[in-house]
Amino acid sequence: MANLPVKDGNGTLVYLSSSGAGTDGNPFVNVHDVTLKAGTAAIGKLAANSGVDIGDVDILSLPALPAGTNAIGSTKDGGPAQTVTRTYTASADMTTAAAITVAPTAGLKVAAMDLIISTDTAMSFSVQEETSATVFAKVYLPANGTAQLTPRGYLKAAVADKKLMGKASVAGNVTITAIYFSEA
């Protein structure tokens, strides 16, 4: 079988003796015939060397971290920033829209995470924004029915400083538990 052409560390073409196996004609290099140049005896991994530089990544001069921190470049998560509020509202007649949240923090919007609506009377119930009456959600409830609204996102008011309101289609006892927070 022919010799295998390869380039050495200096870019010079050299020929390694090889032998074929089987009938496919692919040469196999005898690893005992290959000699590495002095100082290069590491293949597939880095040899122990304190001056190793891989793609301009210097792992030897990282700054010391202050005691009690394990974050580099402000990557430490401080947790959720919202303050969750829960309100409970009950009414025998909510055919005129009534507040089901308090006003958000000044300059922010209400963002509802969960609403639980119960009634003893068959009705539709709308969740809308204060003043504009923009409807964000509407459910149809049977007599003695309950609905839980837990949207994938939040029911967020379109305008800052406005409450979320509830409005029933007919008079009847209705209770609403709202879980929400304020955000920009």
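The values are calculated or read from the model by the stated rules, or taken from the named source; none is laboratory data. Just so it is clear, the model here is predicted, and its values are computed rather than measured. Cβ: placed from backbone, ideal geometry, glycine included. Neighbour counts: every protein chain shown.
Kindly indicate which of Ala111, Ala106, Ala143 is within 17 Å of Glu183 (Cα to Cα), without any contact (Cβ under 8 Å) to a residue 60 or more places away in the chain, in contact with an Asp or Glu (Cβ under 9 Å, 6 or more places away or on another chain) and not charged (D, E, K, R). Please lay out each step first, then the result.
Numbers: Ala111 fails: without any contact (Cβ under 8 Å) to a residue 60 or more places away in the chain; Ala143 fails: within 17 Å of Glu183 (Cα to Cα).
Exactly one residue qualifies, and that residue is Ala106.
Hey, could you check region 127-184 for residues that are modelled with pLDDT of 95 or more and of a type in the set (Asp, Glu) and say which is farthest from Ser91 (Cα to Cα)?
Among them, the one singled out is Asp161.
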